[in-house]
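Structure, as structure tokens:
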Amino acid sequence: MQTKRIKCPSCGVVLDVQNSKNETVKQFTCPKCKAVLQVKFPRQQEPLEAKTYYAPPKQPIADNGATQLAGGGGETQLVGASYGATQLVTDTPKISTSAKLLYDGICYPLEEGQNIVGRKGNTSKATVQIATDDRYMSRQHCSITVTTLPDGTKKAVLSNYQNKNLTSVDGQEIETGDAIRLTDGNSITMGHTTIIFKIK
């Protein structure tokens, strides 16, 4: 039975996932934040068995006065799931993607991990500061957590941070405690400012 230790990308809790059914992909729910997670396990192959087949003993054969040995030998075969063939398994090429925010012709790249998005200002502690005069956007308005999936693609999850005013994604208001997975082209409204999320 295989066991993998993972960290939930949504809440950060460390979990030990056991693969008792030898599945290549195990799907389960995080016990803390209830996020649906998938873990990939390497495929296990059945052990190979060696079987040896013996030929009858070599017998002398007379041929025009010359004596030759015929028969004999033997053959060893590997029997199992791979039928004696060795297969080279290579990983699928990983797709390199990046996540960013677009506003007023400016691109704001999102880093791996937690990105605090807010209005630009001298006292702002946001890691992604949007250049806007919109006073309804807080200086630390929302959090976008970016993680890299096993295939190399990015996953981005948005939640409120220290905002005093509305946050919405494609017109749907985000409540405190909500965690919304973003997709390419989502419109994120913070206060009166609308930003486009892009992932490629």
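The values are calculated or read from the model by the stated rules, or taken from the named source; none is laboratory data. Predicted model only: the values in this text are computed from it and were never measured. Neighbour counts run over all protein chains shown; Cβ positions are idealised from the backbone, glycine included.
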Exercise for review: Taking only segment 1-16 into account, find how many residues are touching a strand residue (DSSP E or B) at 6+ places or on another chain (Cβ under 7 Å) and modelled with pLDDT of 75 or more.
Suggested key: 11
Check your understanding: Going by the structure shown, is residue 42 modelled with pLDDT of 75 or more and either among the aliphatic types (A, V, I, L, M) or part of a loop (DSSP other than H, G, I, E, B) (or both)?
Key -> no
Review point. Which residues, counting only those in segment 162-173, are part of a loop (DSSP other than H, G, I, E, B), surrounded by 19 or more Cβ atoms within 10 Å (Cβ to Cβ) and within 29 Å of the chain's Cα centre (by Cα)?
Key: none
Review point. Going by the structure shown, is residue 155 under 28 Å from the mean Cα position of the chain (by Cα), closer than 16 Å to residue 99 by Cα and at pLDDT below 90?
Key: no
Point to revise | Which numbered condition residue 135 misses (of (1) in a strand (DSSP E or B); (2) exposed (fewer than 14 other Cβ atoms within 10 Å of the Cβ)) | key: (1)
Study note, to complete from the structure: The number of residues in segment 182-197 that are surrounded by fewer than 18 Cβ atoms within 10 Å (Cβ to Cβ), part of a strand (DSSP E or B) and not polar (S, T, N, Q) is 1
Practice item. Collect the residues in segment 17-40 that are touching a strand residue (DSSP E or B) at 6+ places or on another chain (Cβ under 7 Å) and not aliphatic (A, V, I, L, M), keeping them in residue-number order. Key: 18, 19, 24, 26, 27, 28, 29, 30, 38, 40
Exercise for review: From 132, 123, grab the single residue that is touching a Ser or Thr at 6+ places or on another chain (Cβ under 8 Å) and farther than 24 Å from residue 181 by Cβ.
Suggested key: 132
Point to revise | Boolean, residue 88 is among the aliphatic types (A, V, I, L, M), modelled with pLDDT under 90 and in contact with a Leu (Cβ under 7 Å, 6 or more places away or on another chain) | key: no
Practice item. Might you check whether a residue that is surrounded by fewer than 17 Cβ atoms within 10 Å (Cβ to Cβ) and in contact with a Leu (Cβ under 8 Å, 6 or more places away or on another chain) occurs anywhere in segment 139-153? Key: no
